[in-house]
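The structure appears right after this line, and notes come after that.
The values are calculated or read from the model by the stated rules, or taken from the named source; none is laboratory data. Everything quoted here is computed from the prediction, not taken from an experiment. Please note: Cβ atoms are built from the backbone with ideal geometry, for glycine as well, and neighbour counts cover all protein chains shown. Keep in mind that these areas ignore ligands, DNA and RNA; they rest on the heavy atoms of the full protein, side chains included. Shrake-Rupley method; radii C 1.70, N 1.55, O 1.52, S 1.80 Å.
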Amino acid sequence: MRKIIVAMLSAGVLALTSAGAWAAAVYKCKNRQGKLIYQESPCKQDAEAVSKWGKAEMQQLDGMLVLQQRGNGHYFLEATVNDKALTLLVDTGASGIALPMSFAQSAKIKCRNKIYMQTANGVAEGCTTIISKLTFGPFTLADVPAVASKNLGQPLLGMNVLQQFKVEQNDGEMRISTRD
């Protein structure tokens, strides 16, 4: 089971560290040593700004969720996990949902199995878990497998959820709708 979970997470899934999970903006910086740093404040002069993340720009149209691409190329959506609000980065390169441990605990999500994951920033400790209720736009899912990690700042929405929907991306918009 552990090997499956570790394989499920791509190297970039948990590389997002040191950022507030529900911050208004997250800055991706590169320090002098070339290490990527994710933080709530703008990059310092000794760091190179790579990108800035922010809140979701989304709307519901006829049972469809339409997300606007941010200037940095990312898509975000507002969601609730067990009725607790958060902003998820839509990550088609992530196999599953990944939550910061602090958010998981505040949403009353319990760890099931302790795991260690290889990430771009080294080995990270985390756990497997189940989200009882995930809601975004007009969609609600129950009993969604996820991973929680102490080293994660930005919550990620990965393919274990996205594969259940029709997802189209064109001209800076991502449309999520039910499969026909």
*If you check A85 against the conditions, is it open to solvent by less than 20 Å² (accessible area, probe 1.4 Å) and not β-branched (V, I, T)?*
no
_Here is a list: L86, L67. Which entry is in contact with a helix residue (DSSP H, G or I) (Cβ under 7 Å, 6 or more places away or on another chain) and either modelled with pLDDT under 65 or part of a strand (DSSP E or B) (or both)?_
L86
*Filter the range 111-127 down to residues that are free of Cβ contacts under 8 Å to residues at least 60 places away in the same chain, open to solvent by 70 Å² or more (accessible area, probe 1.4 Å) and either touching a Gly at 6+ places or on another chain (Cβ under 8 Å) or assigned to a strand (DSSP E or B) (or both), then give me how many there are.*
2
*Specify the residue that is nearest to the chain's Cα centre (by Cα); the eligible residues are those in the range 136-162 that are surrounded by 19 or more Cβ atoms within 10 Å (Cβ to Cβ) and either acidic (D, E) or not in a strand (DSSP E or B) (or both).*
P155
*Mind telling me which of the residues K166, K133, K108 ends up being over 14 Å from A79 (Cα atoms) and either at pLDDT 95 or above or assigned to a helix (DSSP H, G or I) (or both)?*
K166
